[in-house]
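J.: Starting off with a structure, shown below.
Throughout, read-outs are computed from the coordinates displayed, never taken from laboratory work. Predicted model only: the values in this text are computed from it and were never measured. Cβ placement follows ideal geometry from the backbone for every residue including glycine, while neighbour counts extend to all protein chains displayed.
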Amino acid sequence: MVQKKPLSIYIHIPFCVKKCLYCDFASAPGDAEQMGAYVRRLIKEIRSFEAIGSLYRVDTVFVGGGTPSLLPTFYVGQILNQLKKQYEFDPEAEISLEANPGTLNEEKLGAYRGFGINRLSLGLQSIHESELALLGRIHNYKDFLESYELARQAGFRNINVDLMSGLPKQTMDRWVKSLETVAALGPEHISAYSLSLEAGTPFHQKYSEGLGRLDMPGEELDRAMFHETKKILESRGYSRYEFSNYAKKGFECRHNMCYWTLGEYLGFGQAAASYLEGKRFVNPADPGAYQAASEKAYASFRSAPKQSQKEAMEEYMFLGLRTRQGISREDFSRRFGTGFPKQYEKELLDLYRQDLVEQSGGRIRLTDQGIDVSNIILARFLLD
Ligand code: SF4
């Protein structure tokens with residue numbers, strides 16, 4: 001019998017109550033009619049991949065967005081049912097759903113549990129009302145606390161909370177207060193990203209130049225916040241398993257680990273990315289373009305070119321070195337049928353001599369010092 005390969009599935013739900021001021025994700029407000037039409041297209045797109053169903057066993061599903069918790073609950077059930085019809089699921093599959101405080105209630109959470117969703121990711125960003133208002137978020141901290149409590153009562157034992165540093169006018173004290181308050185609640189996972197100003201967003205317009213720029217924490221404070229995050233969260237039982245992600249033991253996000261270890265995944269919906277059979281392909285972010293592309297998604301995948309060995313090696317290094325587990329020679333050889341190229345051996349030796357990488361248990365990873373200059377380091381693994 002052919003051994004089924006593990007697969008992760010990402011489902012993109014592009015609807016939000018309103019657009020946050022810093023957001024450049026494929027998301028926008030939508031009415032009931034638009035949501036219904038979108039889910040029908042999504043299910044059609046999922047169905048079109050029927051031919052590969054027997055080859056894979058689903059290890060993780062991530063329903064992200066956007067705000068998937070805004071979708072009428074029965075649609076979430078329909079989507080997961082369709083996946084279960086087409087794929088065998090690992091009995092321990094990690095099934096996550098992204099939710100925003102202010103869009104959850106007891107009924108929804110109970111239904112999610114019934115559909116087999118066992119991980120919830122809550123977009124909090126800050127505990128301070130002024131920061132939430134500045135970001136254009138729809139919720140306040142009280143809404144978050146209510147959602148968090150309801151999720152626990154509904155039986156969710158694996159919850160992530162997103163926090164954001166590097167906000168305009170943010171001080172170290174305020175960032176530390178957000179971190180400490182959330183860590184005291186004890187979610188199993190905390191993602192702590194630094195705000196990035198994305199072109200085309202109101203934030204970019206306001207804070208990337210002129211006087212607004214002065215409201216942004218400088219590089220030094222941003223870096224200090226990054227260091228403090230590790231110190232605080234590690235002292236509270238979380239370990240950093242990727243640059244910006246912290247988890248209690250055994251609660252590292254398996255879905256994200258699939259991305260960082262070059263596992264295979266399929267993305268459905270607007271702007272969703274896939275990596276399958278050595279091919280990378282991305283759906284259009286524009287709703288109209290996605291509609292047209294979704295009709296021929298499977299055919300597009302079949303005709304997509306495979307990435308080159310060189311590209312795959314570079315990605316292996318860029319992504320693997322983001323993680324605490326790092327990379328391994330053995331895994332590299334198994335995957336590529338050859339050892340590290342000479343350039344990698346030379347770079348790794350040089351980085352090792354400067355204490356920027358360390359080696360133990362057959363794995364190579366960036367040191368804390370290395371993480372601080374990761375942009376420069378990772379560029380050294382572009383092959384000539
Ligand atoms: S909730 Fe998330 S996806 Fe929606 S607008 Fe805000 S940041 Fe973007």
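J.: Evaluate region 1-153: find the radius of gyration of its Cα atoms, find its Kirkwood radius, and give the ratio Rg to Rh.
T.: Details: Rg = 16.5 Å, Rh = 16.5 Å.
When Rh is taken as the Kirkwood radius, the ratio is 1.00.
J.: Output needed for region 265-343: three equivalent-ellipsoid semi-axes, defined as square roots of 5 times the C-alpha gyration tensor eigenvalues, in descending order, whole Å. Walk me through the numbers on the way to the answer.
T.: Numbers: eigenvalues 189, 39, 17 Å².
Value: 31, 14, 9 Å, ordered largest first.
J.: Distance in nm between label sites at residue 249 and residue 173, each 7 Å beyond Cα in the beta-carbon direction?
T.: Between residue 249 and residue 173, the simple spin-label model gives 3.7 nm.
J.: Here is a follow-up. Roughly what % of Cα-Cα distances in region 248-304 sit above 16 Å, to the whole percent? Walk me through the numbers before you get to the answer.
T.: Details: 770 of 1596 pairs.
The answer is 48 percent, as a whole percent.
J.: Follow-up. If I model a spin label as a point 7 Å beyond the Cα along the Cα-Cβ vector, how far apart are those points for residue 3 and residue 19 in nm?
T.: With each label placed 7 Å out from Cα toward Cβ, I get 4.7 nm.
J.: GNM, the chain, Cα, under 10 Å: largest mean-square fluctuation among 373, 58, 17?
T.: 373
J.: In 10 Å bins starting at zero, report the fraction of Cα pairs in region 309-379 per bin as a rounded %.
T.: 20, 61, 19, 0
J.: Give me a comma-separated list of calculated 3J(HN,Hα) values for region 332-338, in order, Karplus coefficients 6.51, -1.76, 1.60 applied at θ = phi - 60°, integers in Hz, x for any Gly or Pro.
T.: With coefficients 6.51, -1.76 and 1.60, one gets 4, 5, 4, 6, 10, x, 7 Hz.
J.: Taking amide H positions as placed in the peptide plane 1.01 Å from N, state which residues far from residue 194 in sequence (5 or more) or on other chains have amide H under 5 Å from it.
T.: Here the answer is 165, since their amide H atoms fall under 5 Å of that of residue 194.
J.: Using only Cα atoms, locate the centre of region 326-384 and the centre of region 171-231, then give the distance between them in Å, rounded to an integer.
T.: Using only Cα atoms to place each centre, the spacing works out to 29 Å.
J.: A follow-up question, please. In angstroms, what radius of gyration and Dmax does the chain have, counting Cα atoms only?
T.: 21.1, 65
J.: What FRET efficiency comes out for the pair residue 50/residue 220, r = Cβ-Cβ distance, R0 = 51 Å, nearest 0.05?
T.: Working: r = 53 Å, r/R0 = 1.05.
In this case the efficiency is close to 0.45.
J.: Working out 0.36 nm times the residue gap between residue 352 and residue 302, then minus their Cα-Cα distance, what length gain in nm do you get to one decimal?
T.: Details: separation 50, 0.36 × 50 = 18.00 nm, distance 4.16 nm.
Taking 0.36 nm per residue and subtracting the Cα distance, the gain is 13.8 nm.
J.: Here's a follow-up. In the chain, what cysteines have no partner Cβ closer than 4.7 Å?
T.: For the chain, the answer is 16, 253, 258, because their Cβ atoms have no other cysteine Cβ under 4.7 Å.
J.: Please report the antiparallel percentage of the DSSP beta bridges confined to the chain, to the nearest 5. Show your work: numbers first, answer last.
T.: Details: 18 of 53 bridges.
Within the chain, antiparallel bridges account for around 35 percent of the total.
J.: For the chain, what does -39500 (n - 2.57) per DSSP helix run (n ≥ 4), summed and divided by total residues, give at 222 nm, in deg cm²/dmol to the nearest 500?
T.: -12500 deg cm²/dmol
J.: From the P(r) of region 90-134, could you give the percentage of C-alpha pairs in the tail past 16 Å?
T.: Numbers: 478 of 990 pairs.
The share of Cα pairs beyond 16 Å in region 90-134 comes to 48 percent.
J.: What residues from region 64-103 fall in the zone where the backbone N is under 15 Å from a label point 7 Å along the Cα-to-C-beta line of residue 133?
T.: none
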